[in-house]
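Below is one structure; the comments refer to it alone.
The values are calculated or read from the model by the stated rules, or taken from the named source; none is laboratory data. Quantities reported herein were computed from a predicted structural model and do not represent experimental measurements. Note: areas computed on protein heavy atoms with side chains; ligands, DNA, RNA excluded. Shrake-Rupley method; radii C 1.70, N 1.55, O 1.52, S 1.80 Å.
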Amino acid sequence: MAKISEIMSKGKTLSFEFFPPKTPEAMTGFNSAVDALAALDPDFVSITYGAGGSARDTTYDLVLQVDSRQKFPAMPHLTCVGHTRAELVDLLASYRANGIDNVLALAGDPPSDGSDSGGDFVYATELVELVREVGDFSIGVAAFPEVHPRSTDRSSDRKHLAAKLALADFGMTQFFFDVSHYKRLVEELSDLGCSVPLLPGVMPFVSVAGTRRMAKMNNTEIPAALQHQLDLVDGDGVATRELGVQVATELVGELLEFGVPGVHLYAMNRAESIQAIYKNLGLGTN
Ligand code: FAD
């Protein structure tokens, strides 16, 4: 379809992230969200890769389906931990044969009980090298503004990230609520001689418990003022969704003002919040 690195070279991108649904009802929701958000004319979308089992095949099927039906590319996320080299070569060759030009190359998480993953890979860098070997893909990698939760220290995290970005075409960040974390990441990478474009990931949250859980898992700071607002709305109703839109709108506005190469919005298989952010900021064609 089109390489994301080429699309990015032409100007700021706006993109959305989806996940593979688990039930037939959720699949209907996924399809309507993709169709509704296609009207906003995104530069690309991405689809996450499940921790195991059938969700992995669903990612593959949905990437091919969206990529062939829509006028923007669909990029698969792909994790290497727990996979053999042969499995990944097969999957990548299939993507390539079906016209998929982009891959978000990730390590994935090792088994939480500390057991051997049974795969051939540990770090995302190894997958980036394999993806380059298998085909002519545009390759994205993950970046953690507030440092990866498994990192022992900030300085080694940044060095590993700079080395990984040097092999890739673009980075895409974990969500954050304070723009200063993104700015500091860009500055620290620049000090290491790395200027690979970094797309900030923005999550318009819809659930207070879910936001707190994910923030804890990912080392994401929830600023005191936002903690207070979350206490006030609580739950996962309309007030929480509206707060999520308000917070994301402000964040996207600050990021665009800072001069980011694009913004990646976590759609979470729903259209309403993204549509509201677009409307608030006067983005896109609608
Ligand atoms: P890496 O870049 O390999 O880093 C992992 C850790 O190892 C870091 O602490 C790093 O500093 C360290 N490290 C790296 N290289 C070395 C080295 N040579 N020596 C020593 N230490 C090193 N997970 C999913 O399962 N599916 C998804 O679809 C998915 N999508 C994501 C999308 C985004 C935008 C982001 C930010 C994350 C996503 N993740 C996903 C989560 C990701 O898989 C986990 O955070 C995983 O733990 C690390 O992946 P990574 O690619 O950042 O790993």
* In order through region 14-30: 3J(HN,Hα) via Karplus (6.51 cos²θ - 1.76 cosθ + 1.60), integer Hz, x for Gly, Pro -> 10, 9, 10, 10, 10, 10, x, x, 9, 10, x, 5, 5, 5, 4, x, 4
* Go through region 211-220 residue by residue and turn each phi into a ³J(HN,Hα) via Karplus (6.51, -1.76, 1.60, θ = phi - 60°); whole Hz please, and just put x for glycine and proline. => 5, 5, 5, 5, 5, 5, 4, 9, 6, 8
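How much accessible area per residue does the chain have, counting only protein heavy atoms and a probe of 1.4 Å, in square angstrom? It would help to have the intermediate numbers written out before the result.
Numbers: 12970 Å² over 286 residues.
Here the residues of the chain average 45 Å² of exposed surface.
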* Can you give the helix-only mean residue ellipticity at 222 nm for the chain, where every DSSP H stretch with n ≥ 4 adds -39500 (n - 2.57) and the sum goes over all residues, rounded to the nearest 500 deg cm²/dmol? -> -15500 deg cm²/dmol
* Under a 10 Å cutoff between Cα atoms, tell me which one of V263, V238, V147 has the largest fluctuation in the Gaussian network model of the chain. => V238
* Under-28-angstrom lysine pairs by C-alpha in the chain, whenever the two are 8 or more apart or on separate chains -> 24
* Quick one: among N269, N102, N218, which has the greatest mean-square fluctuation in a GNM of the chain with alpha-carbon springs under 10 angstrom? => N218
* Structure fact -> Expressed as a percent, the accessible surface of the chain that is carbon or sulfur, using a 1.4 Å probe and the full set of protein chains, is 51 percent
* P(r) of region 115-261 in 10 Å steps, Cα pairs, percent per bin? -> 10, 35, 31, 18, 4, 0
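Summarise the long-distance tail of P(r) for the chain by giving the % of C-alpha pairs beyond 30 Å. Please report the intermediate quantities before stating the final value.
Working: 11144 of 40755 pairs.
Of the Cα pairs, 27 percent sit more than 30 Å apart.
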* Asked: Amide H to amide H, which residues 5 or more places from L14 or on other chains are under 5 Å from it, using H placed in the peptide plane?
  -> D43, F44, V263
* Asked: What list of ³J(HN,Hα) values in whole Hz, one per residue of region 237-245 in order, does the Karplus curve 6.51 cos²θ - 1.76 cosθ + 1.60 (θ = phi - 60°) give from phi, with Gly and Pro shown as x?
  -> x, 4, 4, 5, 4, 5, 5, x, 5
